[in-house]
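Since every read-out is calculated from the coordinates, none of them should be taken as a lab result. Just so you know, these numbers come straight off a predicted model, no measurement behind them. For neighbour counting, all protein chains shown are included, and Cβ atoms are generated from backbone atoms with ideal geometry for every residue, glycine included.
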Amino acid sequence: MAALYGTAPLPVFLDSAAEVGILAHVELSELQAVMTTLHSAGKFILLNMDTCEGLAHDKAAIDYLAGIGVAGLVSTRVATLLRASRAGMITMQKVFVTDRTTWPRSLKALEQSAPNLVQLMPAPMLSRLGAADREQLPPIVAAGFVSNEKEARAALAAGAIALSTSEQRLWKLPAGALGAP
């Protein structure tokens, strides 16, 4: 998955093999035009709602996003993910694992929001989780500190179903090039 911070990386993403992107830090005034461009190119987008200024985390915002073609949302907020799920969107909860003390809170939040996917950050933490921990999670998208093929392969080998990276050279790899499931 291409991690797009703002609109500057759009041309590279549009020309890449990556079919899915996580869009963050896009101004509300640009969002509809960006979504139209990405849909026209056949790209599937998850919007990181927490980073887009001008969007409240309420039903009206979710309805607006669904109306302009946002098919999925990324958030750290349980209530936002629940609203998005009720609106028929794919949901991905972003979880930051900084140490073992944050893990129980993360599991509780994931249990409450029941997202379709979990974005686990940083990616190297995935290899530190035991099998029992990974089994409690929805499908995992590894993110953070995935900057080369070796790190990407390690995250996939540790159980991630996909990677999210802003490293544009990795976007150009054909599907399956890293041994992805």
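See the values below:
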| quantity | calculated |
| --- | --- |
| Pair list, Cβ < 6 Å and 6+ apart or interchain, from region 98-117 residues that are farther than 16 Å from Leu129 by Cβ to residues that are of a type outside the set (Asp, Glu) and surrounded by fewer than 10 Cβ atoms within 10 Å (Cβ to Cβ) | none |
| Residue in region 144-165 that is within 30 Å of Gly88 (Cα to Cα), among the β-branched types (Val, Ile, Thr) and out of contact with any Leu (no Cβ under 9 Å at 6 or more places or on another chain) present | yes |
| Candidates Glu111, Glu151 - the one that is under 20 Å from Ala17 (Cα atoms), in a helix (DSSP H, G or I) and not aliphatic (A, V, I, L, M) | Glu151 |
| Residues of region 155-172 satisfying the condition of being of a type outside the set (S, T, N, Q) and farther than 14 Å from Gly144 by Cβ | Leu156, Ala157, Gly159, Ile161, Arg169, Trp171, Lys172 |
| Residues of region 98-108 classified as of a type in the set (A, V, I, L, M, F, W, C) and over 20 Å from Thr80 (Cα atoms), total | 1 |
